[in-house]
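Please read the structure below before turning to the comments.
The values are calculated or read from the model by the stated rules, or taken from the named source; none is laboratory data. Keep in mind the model is a prediction, meaning the values are calculated, not measured. No Cβ is skipped: glycine too gets one built from the backbone with ideal geometry, and neighbour counts run over all protein chains shown. The area values use the complete protein model at the heavy-atom level, side chains included, leaving out ligands, DNA and RNA. Shrake-Rupley method; radii C 1.70, N 1.55, O 1.52, S 1.80 Å.
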Amino acid sequence: QVQLVESGGGLVQAGGSLRLSCVASGRALSWYAMGWFRQAPGKEREFVATISRDGRTTDYADSVKGRFAISRDNAKNTMYLQMNSLKPEDAAIYYCAANTVGPRRESYEYGTWGQGTQVTVSS
């Protein structure tokens, strides 16, 4: 069973950038398709981005397309989310998740989750 730990969150001004990391342990990251999700206070958890096992296929929520980029380095067992042009509405706890079926938007497809990292965007 893989374990996931996110890092890289923090406080940033609107228009700024952050890069989140998700490190896998216990099993090689290459076994899994991966996703990023986020949850703001009082809101449902929502899909952000997903990436296939080999990194060749990605998919993004419309709200982040063109601003965020998901990537992975299987040799380092690490997945990334580069977030540019951040907006106050991007503020949330960001979670990485793993599944064995492929790049998916639905959270129920993911069997393993990290603990989350907080992103705060000041206006």
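For segment 67-83, a residue qualifies if it is β-branched (V, I, T) and over 10 Å from the mean Cα position of the chain (by Cα), and exactly one does: T78. May I ask you to list the residues in segment 55-64 that are closer than 20 Å to E106 by Cβ and out of contact with any Asp or Glu (no Cβ under 9 Å at 6 or more places or on another chain)? Scanning segment 55-64 gives T57, T58, D59, Y60, D62.
A count restricted to segment 61-91 and to residues that are in a strand (DSSP E or B) and either surrounded by 13 or more Cβ atoms within 10 Å (Cβ to Cβ) or on the phi > 0 side of the Ramachandran plot (or both) stands at 11. The residue of segment 33-60 that is most open to solvent (accessible area, probe 1.4 Å), among those that are under 17 Å from C22 (Cβ atoms) and among the hydroxyl-bearing types (S, T, Y), is T58. Within segment 92-123, restricting attention to residues that are of a type in the set (S, T, N, Q) and in a strand (DSSP E or B), the residue that is nearest to L4 (Cα to Cα) is T112. Checking each residue in segment 97-108 for being in contact (Cβ under 8 Å) with a residue 40 or more places away in the chain and surrounded by fewer than 19 Cβ atoms within 10 Å (Cβ to Cβ) picks out T100, V101, G102, R104, R105, E106, S107. In segment 85-96, the residues that are without any contact (Cβ under 8 Å) to a residue 24 or more places away in the chain and closer than 13 Å to S107 by Cβ form no Cβ pair under 7 Å with any partner that is of a type in the set (D, E) and assigned to a strand (DSSP E or B), whether six or more places apart or across chains.
The single residue among L20, L11, L29, L4 that is more than 13 Å from the chain's Cα centre (by Cα), crowded, with 20+ Cβ neighbours inside 10 Å and touching a residue at least 12 places away in the same chain (Cβ under 8 Å) turns out to be L29.
Within segment 78-90, not a single residue is at pLDDT 95 or above, under 22 Å from V101 (Cβ atoms) and acidic (D, E).
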